[in-house]
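Here's the structure, in structure tokens; my notes come after.
What follows is calculated from the coordinates using simple rules that are stated; it is not laboratory data. Note that the coordinates shown come from a computational prediction; the quantities given were computed from them, not determined experimentally. Here Cβ is always computed from backbone atoms with ideal geometry, including for glycine, and neighbour counts include all displayed protein chains.
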Amino acid sequence: MPKVTLRVFATLATVLGKKEAEAEGSLLKEALESLSKEHGEEFKTKILDSAGNLRRHIRIYINGKDIRFLNQLNTPLKDGDEVLILPAVVGG
């Protein structure tokens, strides 16, 4: 199973207790689930809604590419991929 590096910021880093973590998964959703099992449900609920969909205010990039233009949570991963998880910037 591929191993990827996830970088998180803001409240997600607080939940994880660090800004970087490794996870395993063939798909992005599997890597997020792996990280949730390791670090608790709070991490998962910050990223996914109750239906398992990505929350509107979260942006995820794999190797610099926005998953909204890939296969969303079903985007395949390979060893060494870098996943960046950011809260969307809002406000005025």
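Computed over region 11-68, the alpha-carbon pair-distance distribution with 5 angstrom bins reads 4, 17, 28, 32, 16, 2, each value a whole percent. Mean sequence separation of contacting Cα pairs (under 8 Å, at least six apart), scaled by the length of the chain, corresponds to a relative contact order of 38 percent. Here the label points at Ala13 and His57, each 7 Å from Cα along the C-beta direction, are separated by 1.8 nm in the simple model. Counted residue by residue at 0.36 nm each, then reduced by the alpha carbon distance between them, the extension gain from Glu20 to Met1 reaches 4.9 nm.
Note on Lys65 and Lys44: their simple-model spin labels are 2.8 nm apart, each label 7 Å out from Cα toward Cβ. The Cβ shell under 12 Å around Lys44 holds other residues with a net charge of -1, Lys and Arg each +1, Asp and Glu each -1. Packing around the peptides 65-75, 7-17, 27-37, taken as the average count of other Cβ atoms within 10 Å per residue, puts them in this order, highest first: 27-37, 7-17, 65-75. The alpha-carbon of Lys37 sits under 14 angstrom from the alpha-carbons of these aspartates and glutamates, leaving out residues fewer than 8 places away in its chain: Glu22, Glu24. In the structure shown, the pairs Lys29/Lys78; Lys18/Lys44; Lys46/Lys78; Lys18/Lys65 are assessed against 21 Å; a Cα-Cα span above that value is assigned to Lys46/Lys78; Lys18/Lys65.
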